[in-house]
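Peer 1: This is the structure I want to talk about, given as structure tokens.
The values are calculated or read from the model by the stated rules, or taken from the named source; none is laboratory data. Computed from a predicted model, the values in this text were never measured in an experiment. When we count neighbours, we look across all protein chains shown, and the Cβ atoms used for this are built from the backbone with ideal geometry, even at glycine. The accessibility values were calculated without ligands, DNA or RNA, using every heavy atom of the protein model including side chains. Shrake-Rupley method; radii C 1.70, N 1.55, O 1.52, S 1.80 Å.
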Amino acid sequence: MSGTRREPAGARQPWRPTGPVVCVGETMAALVPDPPEPLEHVRELSLSVAGAESNVATYLADHGVPVAWLSALGDDPLGRRVRAAVSAAGVDVSYVRTDAHRPTGLLVKNPGPAGTRVHYYRAGSAASALGPALLDEEPVRSAGLLHFTGITPALSPSCRDLLTRALDLPAERRPHAVSFDVNHRPALWPHGTASTLLLRLADRADIVFVGLDEAQGLWGEDLTVTALRRLLPHPRVLVVKDGARGATAFTGHGAHTVPALPATVVEPVGAGDAFAAGFLAGLLRGAAPDKALRLGHITAVSALHVTADHGPLPSPREIHRLLDLPAEEWEALGPACSPDVEGEVPLRGAGGDGVDVAPGPAVGA
């Protein structure tokens, strides 16, 4: 049977999800300065697609994991462009809905010295009309793992109801495991509303991804990696990303910390999604937590090297070489990892997106 399962008392093998993977959430058309320069100076924009959940689906497909993306798009050229791009990456898009009355969302990236700001034009988009009814339909009914992010509940009341219902049942009674990347985007939330809801949703999920700096901004600036586990005690797997330092996975078998790989950062947007996909790919294949973390780091570097949200993975041979390195050789590749040092400011890097966001007017406004 696909879905979740409890570890029996004294189990030696760590828990892992089984069965088909479905990533649920909005993907938009994206206008990106090329080369990456501030919008007021750039002469050309390239058209691509961008969405956290479809990013995860795309990288899972790159790793050979069968995956479907579930969303809604407008009956417009941008919607057709998004559908074709995600499909071309090897993701099943056959369940994506076409909405004749609502448009496909749009974002515009604005790179600058302080980071990349993302201006959204997604109010009233097709995906904002998603709701809990889709949980009763395919491909969700046959899924072994659903992946969501904290972006979706910020889009509309119906999207919030979707996440709430997906996580209503206790983990042992759900027909599938639920993966949740906190992925806090402040510009999408009314002031002061994100913290409580994202904490409640995260603590009900089976697998949770959160950046340390993100958690500190949401739930307390003094939080450490270990304190986060106390704050989120219920997920079977909690992954805390500490930027360029590394990441820690808490499981029923303890804590596992793996330093990040060094990377030349072209643009950090999408690296957190890539990391989540790499980790999930490892977990789904039964990899030990440290190997799943390594695969997350390897995948994140692929996103850091490009201006788009998706970059090519290393060759399978290179991935296997990195995964099989002795621990001391892996650690020699990257920065020292000290995730529980009090008072340090987390670095931006392969473990997270490092993106600042700003709202745009409604589509068509």
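Peer 1: Take the residues in region 200-212 that are under 16 Å from Ala171 (Cα atoms) and not small (Gly, Ala, Ser), then tell me which one is surrounded by the fewest Cβ atoms within 10 Å (Cβ to Cβ).
Peer 2: Step one: filter region 200-212 for residues under 16 Å from Ala171 (Cα atoms), giving 200-208.
Remaining after also requiring not small (Gly, Ala, Ser): 200-201, 203-204, 206-208.
Working: Arg200: 12, Leu201: 22, Asp203: 16, Arg204: 22, Asp206: 23, Ile207: 25, Val208: 24.
For region 200-212, the residue satisfying everything is Arg200.
Peer 1: If you don't mind, another one. So, Arg97, is that one at pLDDT 95 or above and within 22 Å of Leu45 (Cα to Cα) or not?
Peer 2: no
Peer 1: Please work out which one of (1) surrounded by 23 or more Cβ atoms within 10 Å (Cβ to Cβ); (2) touching a residue at least 40 places away in the same chain (Cβ under 8 Å); (3) in contact with a His (Cβ under 9 Å, 6 or more places away or on another chain) is the condition Val301 fails and give its number.
Peer 2: (3)
Peer 1: Check region 89-106 and report whether any residue there is open to solvent by less than 10 Å² (accessible area, probe 1.4 Å), outside any loop (DSSP other than H, G, I, E, B), among the hydrophobic types (A, V, I, L, M, F, W, C) and within 22 Å of Leu163 (Cβ to Cβ).
Peer 2: Checked against the condition, which is being open to solvent by less than 10 Å² (accessible area, probe 1.4 Å), outside any loop (DSSP other than H, G, I, E, B), among the hydrophobic types (A, V, I, L, M, F, W, C) and within 22 Å of Leu163 (Cβ to Cβ), region 89-106 yields no hits at all.
Peer 1: Just to be sure before I move on: is Val182 touching a strand residue (DSSP E or B) at 6+ places or on another chain (Cβ under 6 Å), without any contact (Cβ under 8 Å) to a residue 40 or more places away in the chain, among the hydrophobic types (A, V, I, L, M, F, W, C) and open to solvent by less than 30 Å² (accessible area, probe 1.4 Å) in the structure I sent? Working first, answer last.
Peer 2: Values: touching a strand residue (DSSP E or B) at 6+ places or on another chain (Cβ under 6 Å): yes; without any contact (Cβ under 8 Å) to a residue 40 or more places away in the chain: yes; among the hydrophobic types (A, V, I, L, M, F, W, C): yes; open to solvent by less than 30 Å² (accessible area, probe 1.4 Å): yes.
So Val182 fits the description; yes.
Peer 1: Residue by residue through region 164-174, note down the ones that are in a loop (DSSP other than H, G, I, E, B) and under 20 Å from Thr193 (Cα atoms).
Peer 2: Step one: list which residues in region 164-174 are in a loop (DSSP other than H, G, I, E, B), which gives 167-170, 174.
Within region 164-174, Leu167, Asp168 qualify.
Peer 1: Being modelled with pLDDT of 95 or more and either over 19 Å from the mean Cα position of the chain (by Cα) or hydroxyl-bearing (Ser, Thr, Tyr) (or both) is true for just one of Arg204, Arg230, Arg173, Arg200. Which residue is that?
Peer 2: Result: Arg230 is the single residue among Arg204, Arg230, Arg173, Arg200 that is modelled with pLDDT of 95 or more and either over 19 Å from the mean Cα position of the chain (by Cα) or hydroxyl-bearing (Ser, Thr, Tyr) (or both).
Peer 1: Which of the residues that make up region 12-70 are within 27 Å of Tyr120 (Cα to Cα) and charged (D, E, K, R)?
Peer 2: Residues satisfying the conditions are Glu26, Asp34, Glu37, Glu40, Arg43, Glu44, Glu53.
Peer 1: Within region 213-240, how many residues turn out to be open to solvent by less than 10 Å² (accessible area, probe 1.4 Å), over 22 Å from Ala166 (Cβ atoms) and either in a helix (DSSP H, G or I) or not hydrophobic (A, V, I, L, M, F, W, C) (or both)?
Peer 2: Looking only at region 213-240, we keep the residues that are open to solvent by less than 10 Å² (accessible area, probe 1.4 Å), and these are 215, 225, 228, 232, 235, 237-240.
Narrowing the set further to residues that are over 22 Å from Ala166 (Cβ atoms) leaves 225, 228, 240.
Within this subset, residues satisfying the condition of being either in a helix (DSSP H, G or I) or not hydrophobic (A, V, I, L, M, F, W, C) (or both) are 225, 228.
So the count comes out to 2.
Peer 1: Assess whether Leu135 counts as being open to solvent by 10 Å² or more (accessible area, probe 1.4 Å), in a helix (DSSP H, G or I), farther than 17 Å from Ser71 by Cα and without any contact (Cβ under 8 Å) to a residue 40 or more places away in the chain.
Peer 2: No.
Peer 1: Restricting attention to region 138-150, which residues are surrounded by fewer than 23 Cβ atoms within 10 Å (Cβ to Cβ) and under 21 Å from Ile207 (Cβ atoms)? It would help to see each step written out before you state the result.
Peer 2: Step one: list which residues in region 138-150 are surrounded by fewer than 23 Cβ atoms within 10 Å (Cβ to Cβ), which gives 138-142, 144.
Of everything in region 138-150, those that are surrounded by fewer than 23 Cβ atoms within 10 Å (Cβ to Cβ) and under 21 Å from Ile207 (Cβ atoms) turn out to be Pro139, Val140, Arg141, Ser142, Gly144.
Peer 1: Here's a follow-up. Taking the condition of being of a type in the set (Lys, Arg) and either farther than 22 Å from Ala194 by Cα or at pLDDT 95 or above (or both), how many residues in region 111-163 meet it?
Peer 2: Count: 2.
Peer 1: Conditions first: (1) open to solvent by 40 Å² or more (accessible area, probe 1.4 Å); (2) touching a Cys at 6+ places or on another chain (Cβ under 9 Å). Ser71 passes all but one, so which condition is the exception?
Peer 2: Exception for Ser71: condition (1).
Peer 1: Okay, next question. Look at Ala187 and say whether it is surrounded by fewer than 17 Cβ atoms within 10 Å (Cβ to Cβ) and under 25 Å from Ala303 (Cβ atoms). Spell out how you get there, then give the answer.
Peer 2: On the way: surrounded by fewer than 17 Cβ atoms within 10 Å (Cβ to Cβ): yes; under 25 Å from Ala303 (Cβ atoms): yes.
Taking the combined requirement at face value, the residue satisfies it.
Peer 1: Return yes or no: is Ser195 crowded, with 17+ Cβ neighbours inside 10 Å, modelled with pLDDT of 95 or more, under 20 Å from the mean Cα position of the chain (by Cα) and outside any loop (DSSP other than H, G, I, E, B)? Write out each step before concluding.
Peer 2: Details: crowded, with 17+ Cβ neighbours inside 10 Å: no; modelled with pLDDT of 95 or more: yes; under 20 Å from the mean Cα position of the chain (by Cα): yes; outside any loop (DSSP other than H, G, I, E, B): yes.
For Ser195, the condition - crowded, with 17+ Cβ neighbours inside 10 Å, modelled with pLDDT of 95 or more, under 20 Å from the mean Cα position of the chain (by Cα) and outside any loop (DSSP other than H, G, I, E, B) - is not met.
Peer 1: Determine if region 255-267 includes at least one residue that is more than 24 Å from Asn55 (Cα to Cα), open to solvent by 30 Å² or more (accessible area, probe 1.4 Å) and hydrophobic (A, V, I, L, M, F, W, C).
Peer 2: Within region 255-267 (the criterion being more than 24 Å from Asn55 (Cα to Cα), open to solvent by 30 Å² or more (accessible area, probe 1.4 Å) and hydrophobic (A, V, I, L, M, F, W, C)), the answer is yes, since at least one residue qualifies.
Peer 1: Restricting to region 16-67, and then to whatever is crowded, with 20+ Cβ neighbours inside 10 Å and of a type in the set (Asp, Glu), can you tell me which residue is farthest from Ala276 (Cα to Cα)?
Peer 2: Result: Glu26.
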